[in-house]
Amino acid sequence: MRSMWLALCLCVLALAGCATPSANMMKYDEKVYAYSAAIRWGDFEGAWTLVDPAYREEHPISDVEMERYKQIQVAGYREVGMTTLPDGDIVREIEIDVVNRHTLTQRQSRYTEHWHFDPAAKTWWLVVGLPDFWKE
């Protein structure tokens with residue numbers, strides 16, 4: 001009886017271990033969907049909440065910088081590539097089409113997202129800031 005109980009416990013632990021990566025990937029999918037939706041709808045303040053808190057503390061966004069995001073309309077957001085790094089982080093290459101609300105000119109910007117799973121918080125964080133549509 002004791003060996004059956006031990007075997008059952010080992011099976012449960014093995015299955016729980018197998019479920020972790022897929023559960024993490026479901027959380028990843030949810031975060032990426034929420035982030036891409038926020039960017040698409042111009043909710044840059046909402047997107048900022050999905051950036052790693054340590055990054056936000058080191059690189060705060062001023063009110064002026066946040067106001068700049070209100071000058072653009074996102075017209076397209078496409079993933080053009082994705083790589084899983086050896087440490088489990090995920091890097092995505094994104095093309096974003098933006099329209100300046102004042103001049104109505106459209107341009108395309110390339111952006112690299114870097115996602116990291118935080119086991120303590122049990123969530124994925126974007127470890128780079130918001131897209132910089134004004135870089136030279």
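When you scan segment 65-90, how many residues do you find that are surrounded by fewer than 16 Cβ atoms within 10 Å (Cβ to Cβ), in contact (Cβ under 8 Å) with a residue 12 or more places away in the chain and not in a loop (DSSP other than H, G, I, E, B)? Even if it seems obvious, please write down each step before you answer.
In the first step, residues of segment 65-90 are kept if they are surrounded by fewer than 16 Cβ atoms within 10 Å (Cβ to Cβ); the result is 65-68, 70-71, 73, 75-76, 78-89.
Still in the running and in contact (Cβ under 8 Å) with a residue 12 or more places away in the chain: 66, 68, 70-71, 73, 75-76, 78-81, 88-89.
Subset that is not in a loop (DSSP other than H, G, I, E, B): 66, 68, 73, 75-76, 78-81.
So the count comes out to 9.
Between E45, E93, which is among the acidic types (D, E), under 17 Å from the mean Cα position of the chain (by Cα) and either assigned to a strand (DSSP E or B) or within 13 Å of V128 (Cα to Cα) (or both)? Don't jump to the end; show me each part of the working.
Details: E45 fails: either assigned to a strand (DSSP E or B) or within 13 Å of V128 (Cα to Cα) (or both).
Going through E45, E93 in turn, just one is among the acidic types (D, E), under 17 Å from the mean Cα position of the chain (by Cα) and either assigned to a strand (DSSP E or B) or within 13 Å of V128 (Cα to Cα) (or both): E93.
Are any residues in segment 41-55 without any contact (Cβ under 8 Å) to a residue 40 or more places away in the chain and either over 22 Å from T105 (Cβ atoms) or surrounded by 15 or more Cβ atoms within 10 Å (Cβ to Cβ) (or both), and if so, which ones? Quick ask: steps written out before the conclusion?
Let us first name the residues in segment 41-55 that are without any contact (Cβ under 8 Å) to a residue 40 or more places away in the chain, namely 41-43, 45-46, 49, 54.
G42, D43, E45, G46, T49, A54, listed by residue number.
When you look at L130, is it out of contact with any His (no Cβ under 8 Å at 6 or more places or on another chain), under 28 Å from N24 (Cβ atoms), aliphatic (A, V, I, L, M) and assigned to a loop (DSSP other than H, G, I, E, B), yes or no? Full working, then the answer.
On the way: out of contact with any His (no Cβ under 8 Å at 6 or more places or on another chain): yes; under 28 Å from N24 (Cβ atoms): yes; aliphatic (A, V, I, L, M): yes; assigned to a loop (DSSP other than H, G, I, E, B): yes.
Against the criterion (out of contact with any His (no Cβ under 8 Å at 6 or more places or on another chain), under 28 Å from N24 (Cβ atoms), aliphatic (A, V, I, L, M) and assigned to a loop (DSSP other than H, G, I, E, B)), L130 qualifies.
All of the numbers you see were taken from the coordinates with simple rules; none came from a lab. These figures come from a predicted structure and were not determined experimentally. Virtual Cβ from ideal backbone geometry, glycine too; neighbours counted across all protein chains shown.
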